[in-house]
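Worksheet: the structure to be examined is printed underneath.
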Amino acid sequence: MTVTPPRTPRTDGPVPVPPARSVAHPGETAEEAAEAAEVTAAAATDAGAGTAAGPGAQTRAEAGADGDGLPSAGAEGAELPSAGAEGGELPPASRGFLAKATLVTAVLSVAGSLLGLVRDQALARLFGAGSDTDAFLVAWTVPEFAATLLIEDGLAFALIPAFSMALARRARGVPGDPVRALVAGTLPRLSLAFVAVGALFIGLAPQLVGILAPGLPDPALAVDCTRLTATCVVSFGLAGYCSAALRAHRRYGAPAAIYVAYNTGIITGMFVLGGHWGVRSAAAGVAVGGLLMVLVQLPSLLRQLRKRTMSEAVAGQEEARPLDTLLLATVLLFALCRQSQVLVERFLASQLPAGAISHLNYAQKVAQMPMILSVMVCTVTFPVVARALAEGDTERARSRVERDLALAACVVLLGTAAVVACAPQIVEVLFQRGAFTAKDTAATAGVMRVYALGLLGQTLVGVLVRSYFSAGRGSWYPVGAMAAGIVVTSWIGALSVGAWGVYGIAAANATGITVTALVLLAGMGPRSVPVGIRGVLLELSRPVRAALVATLAGSFAAGRFADPAAGLAAGGITVTVTFLLLGRALGSQGVVSALRSVRSVTRRLSHGRS
């Protein structure tokens, strides 16, 4: 049952309310009509709330219901117009808003990912895949952990629901400003914690390297790199805080640009300092890139925090509110367990011949690109789900999560099919130059294909875990699910590394994360957003079948060409066409939704030109 939160009393007289839609517009599907009716009804509720916006707010909300009348995404990203004065309530997110926000996030995230590939290409070209690169990649464990804990998963799972709740309380007219109170109660304490942990890592760098890679031939180089990369604990923590706050305010441009700034810092560091510092230049680039991640978001966040609400002007500042301790503990432990897969891999690979860690790293970075693209939509919709739960609207949250699962699964399975079918061509085109040889290409491509088998599990974990934490309450179930996956990863990796080497490590990773995804899906219900498990599994089976056929067809097409670029193009086109056609024929919700969105964008572009 949908529960509407209490609103402030009306003070400005009647406001026009749009009529409820009972029929679909011409050319509109039943699903689109229902979704538009839901947004229109929500806009009507907001119109009756008596906010300070006056009658003009209704016009803007009604326009947003159909996805029209939204401002173009600017430097700070897409945002619906506020339904009131500065700091007023944000209206419900329409399909048009989510599409524009996703587009902004996608463009900047893809740019960051492409720069990440350039970064890896530069690392491979300048330093190859030997002991020096292995030493840097051991130090790279620190920013990998910090990104997961402080930007992508852990801290975001705690802060976005907290800011969403503060925004909901502000919209209900709570005296003072709950958003500023949250910042005052959390940012100083978290900043001190970031500094303390960063200093601890710098001081204990030799011991940390010894634990991460006991078989490393040159630990001194790894220690130097680790001391440089450990500075990212502070910068990533502050960047993650800014990112969560901005996304809760529906500002997506600056948070999506952080990896553009980060990889720019690393690439610049390698080319400017590489001749004098060697692979240490990449570690110095991590330190510079982390600082840039904060600077690119700071102006936008300060503008949001300067806004004053009417209730704050009347009643003064609300008392500072710290984060819930249980929530913070569980989200950080979950993120720590998830990133522990990297520890298992590095520990096992450090005992293999030189270059094993590098092959695993390059394979994982490329293989995970489809997963990064697939969870992009969840990055945009997580604040929407959190706000719906903060307002008591569990049905809206459930519908959003199920649609996210369908779309994310289709995106990642299409990417998985392309990776498996065209792995040798992808690696050769991206990396085979300079110190990166054909032998390195063959090893990396083989590992990448094994890694790809776990991409669906990675995506499902990324989508499902947001449901557990979107209500802003601590939950131990995701931690237990991730711990079970780590046990499986460690067990299979230890048993298979001797016989299969890096392939055994990659297979352990894929199996462990798939187990975690299944456990999380089985627990959906009272502990999180109550999605229909049977319906989700049935929906997932459709793109899985399409991906299997597309992989076979793409592999055949890619193998017909001796030139790697031509083979990659042929294989990629074949995989895409086969997957989309089969997905449409099987009735995959994600494929149908994606094709409908493409048609909608095409129509709007053609109308704009005319």
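The values are calculated or read from the model by the stated rules, or taken from the named source; none is laboratory data. Here the structure is a predicted model, which means the values were calculated and not measured. Note that each Cβ is placed from the backbone with ideal geometry, even for glycine, and that neighbours are counted across all protein chains shown. These area figures cover heavy atoms from the full protein model, side chains too; ligands, DNA and RNA do not enter into them. Shrake-Rupley method; radii C 1.70, N 1.55, O 1.52, S 1.80 Å.
Is the shape of the stretch 344-399 rounded, prolate or oblate, going by the alpha carbon gyration tensor and its root eigenvalues a ≥ b ≥ c, with a/c under 1.5 for rounded and a/b larger than b/c for prolate? It would help to have the intermediate numbers written out before the result.
Working: a/c = 6.02, a/b = 3.24, b/c = 1.86.
Prolate is the answer for the stretch 344-399, as a/c is 1.5 or above and a/b outweighs b/c.
Just round it to a whole percent: the fraction of Cα-Cα distances in the stretch 451-520 exceeding 19 Å. Present the calculation step by step, with values, prior to reporting the outcome.
Numbers: 840 of 2415 pairs.
Percent of Cα pairs beyond 19 Å in the stretch 451-520: 35.
In sequence order, the stretch 207-212 has phi-based couplings of 5, 5, 5, x, 6, 5 Hz under the Karplus curve 6.51 cos²θ - 1.76 cosθ + 1.60, θ = phi - 60°, and Gly or Pro positions carry x.
Among 458-464, 296-302, the peptide with the highest mean count of other Cβ atoms within 10 Å heads the list, and the full ranking is 458-464, 296-302. Tell me whether the stretch 127-177 comes out rounded, prolate or oblate; compute the Cα gyration tensor, take square roots of the eigenvalues as a ≥ b ≥ c, and use a/c under 1.5 as the rounded threshold. Since a/c reaches 1.5 and a/b is larger than b/c, the shape of the stretch 127-177 is classed as prolate. Considering only alpha-carbon pairs that sit under 8 angstrom and 6 or more positions apart, the relative contact order computed for the stretch 342-420 is 35 percent. Could you tell me which of rounded, prolate or oblate describes the stretch 478-603, using a ≥ b ≥ c as the square roots of the eigenvalues of the alpha-carbon gyration tensor, with rounded for a/c under 1.5 and, failing that, prolate when a/b is larger than b/c and oblate otherwise? Taking the square roots of the gyration eigenvalues as a ≥ b ≥ c, the stretch 478-603 is oblate.
With r defined as the distance between the Cβ atoms of L273 and Q351 and R0 fixed at 22 Å, what FRET efficiency is calculated, to the nearest 0.05? Mind showing how you got there, number by number?
Numbers: r = 31 Å, r/R0 = 1.41.
The pair L273/Q351 has a calculated efficiency of 0.10.
To put it simply, the accessible area of the stretch 427-566 at a 1.4 Å probe is 69 percent carbon and sulfur.
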